[in-house]
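A short write-up of the structure that comes next.
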Amino acid sequence: MVSILLKKPVLYVQFFILMACFTTNAINIPLVLAQDTLKYKEYKGTVIDSKTNDKLVFATLAVENTNISSITNSEGEFVLKVHDSIRSNNVIVSFLGYQQKIVPLTNLKKEDNEIALSPVSIELPQIDLSAPKDALSLVLAMLKKNGENYLTQPVKMTAFYRETIKKRRRDASLSEAVAYIYKQPNSSAKKDIIDLYKSRKSTNYSRLDTVALKLQGGPFTPLFVDIMKYPEYIFTKELITYYDFSFDASTNINDKPVYVVSFKQKESVIEPLFYGKLYIDAETKALASAVFNLNVEDKEKASDLLVRRKPNDIDVYPTEASYRVDYRIKSGKWYYGYGNVQLAFVVDRKGKLFNSKYYVSSEMAITDWHENGTGRDIKSKERLRPSIIIADEASGFSDPEFWGTYNVIEPEKSIESAISKIQRQLERDKG
């Protein structure tokens, strides 16, 4: 058996699980300046499979000839805000393995839009004449083209971030933020800078019993899933030798043929590594998407990677650690578009008959960007640190127009219901 020492980056999401008895306090309502929403049009709807009517989760909607985009939530629903000056544009709707659809914005209603996409299958050998010899060779070519296939200049990205914590299946905490990401080229050793623009939260600690679970990293959590900018967290020159790679059936992304490469750690490796699938553009060898998991079979080793702090009389171990990153393409260059981390934990307390189960979700979508975003003018004290806990920094929930003209991910119905229940409880407590 081979034992290796893994670097412990923020990609291995860290938590504080602290003993604490909280009382539910009133939510602080921040003062928000009114924004000019009259010049914007908002569209809501659902993206579905044209044959099965299944909801398509994480489908992308991008306004043509702009960098404006949004993404569907876990229920296939979307919200898209567009300025009046570009309402004559089209919106391009795409999803992994489906034919993309171009829809004129003028054809969309304010609400209840239903956009159906058709699945496609592609014979890659008939399209790509330079098929790689084996899966590992393709992955190495993908990593080698890290600089040329992606944005080569610093850009300032506008991102929407959301994290939720559930005890069993009940929402206990929700934090949201709009942040500016000063994204550095993949070829640069400079790290990305995050500047938090505005944020809000809703937390009901009574649902967490006497254990407070907090996610450390905030927007850095899904940002570090960008394995083309941060390959050292998963595919270093050393680590890549501990994986087995193989081809799966090919698919399609944005009407482009894509290789699908599966990977998993070698049986001789005892440290927990990742397993999953890489979706690699057949023409450019660029990574278009990746879906992968951390191997959590060894509970103690996985816990060492994911849990930052816990009380001595509590055992915590992960039962799931899932990651996803999607890239988008414009003018022949790919860029980070969406990151998602899903975690599940079991908490055992000594002397207690039953354990508790917690589910954590952290996701971030890029909704707009422009070039020349070096971030040099962002002072050190204003820069978000990878150790941040958004739930401690954010203020309370406000009115529905809190985000103004900023594109956000449509909230799930369960989240909306949880916020409403928590707010009603707070009002009763104040009374």
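The values are calculated or read from the model by the stated rules, or taken from the named source; none is laboratory data. None of these values were measured; they are calculated from a predicted model. Here the Cβ is made from the backbone with ideal geometry for all residues, glycine too, and neighbour counts use every protein chain on show. Ligands, DNA and RNA are stripped out before the accessible areas are found, and what is left, the full protein with its side chains, is counted by its heavy atoms. Shrake-Rupley method; radii C 1.70, N 1.55, O 1.52, S 1.80 Å.
Before moving on, here are some points about what is shown:
- Long-range neighbours under 6 Å by Cβ, at least six apart or interchain, first residue farther than 15 Å from PHE78 by Cβ and open to solvent by 40 Å² or more (accessible area, probe 1.4 Å) within segment 90-110, second in a loop (DSSP other than H, G, I, E, B) and among the β-branched types (Val, Ile, Thr): GLN99/VAL120
- In the set VAL325, VAL341, VAL291, only one residue is of a type in the set (A, V, I, L, M), in contact (Cβ under 8 Å) with a residue 12 or more places away in the chain, open to solvent by 40 Å² or more (accessible area, probe 1.4 Å) and in a strand (DSSP E or B); that residue is VAL291.
- Test: residue in segment 201-213 that is closer than 18 Å to ILE389 by Cα, touching a Gly at 6+ places or on another chain (Cβ under 8 Å), modelled with pLDDT of 90 or more and open to solvent by 10 Å² or more (accessible area, probe 1.4 Å): no
- The set of residues from segment 221-234 being among the hydrophobic types (A, V, I, L, M, F, W, C) and either assigned to a strand (DSSP E or B) or open to solvent by 10 Å² or more (accessible area, probe 1.4 Å) (or both) comprises just one member, PHE224.
Quick grid of which residues meet (1) β-branched (Val, Ile, Thr); (2) surrounded by fewer than 21 Cβ atoms within 10 Å (Cβ to Cβ); (3) more than 19 Å from the chain's Cα centre (by Cα):
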| site | (1), (2), (3) |
| --- | --- |
| ARG162 | no, no, no |
| ARG168 | no, yes, yes |
| GLN184 | no, yes, no |
| SER187 | no, yes, yes |
| THR236 | yes, yes, yes |
| LEU239 | no, yes, yes |
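- Residues satisfying the stated conditions in segment 391-422, i.e. among the β-branched types (Val, Ile, Thr) and modelled with pLDDT under 85: ILE415, ILE419, ILE422
- Look at segment 176-203: where a residue is in contact (Cβ under 8 Å) with a residue 60 or more places away in the chain and a partner is assigned to a loop (DSSP other than H, G, I, E, B) and hydroxyl-bearing (Ser, Thr, Tyr), sitting 6+ places away or on another chain with Cβ atoms under 8 Å, you get VAL178/TYR406; TYR182/THR374; ARG200/SER398.
- Identity of the residue in segment 78-89, of a type outside the set (A, V, I, L, M, F, W, C) and more than 22 Å from ASP255 (Cα to Cα), that ends up surrounded by the most Cβ atoms within 10 Å (Cβ to Cβ): LYS81
- Residue in segment 296-313 that is in contact (Cβ under 8 Å) with a residue 12 or more places away in the chain, among the hydroxyl-bearing types (Ser, Thr, Tyr) and not in a helix (DSSP H, G or I) present: no
- Any chance SER395 is open to solvent by 20 Å² or more (accessible area, probe 1.4 Å), in contact (Cβ under 8 Å) with a residue 24 or more places away in the chain and among the small types (Gly, Ala, Ser): yes
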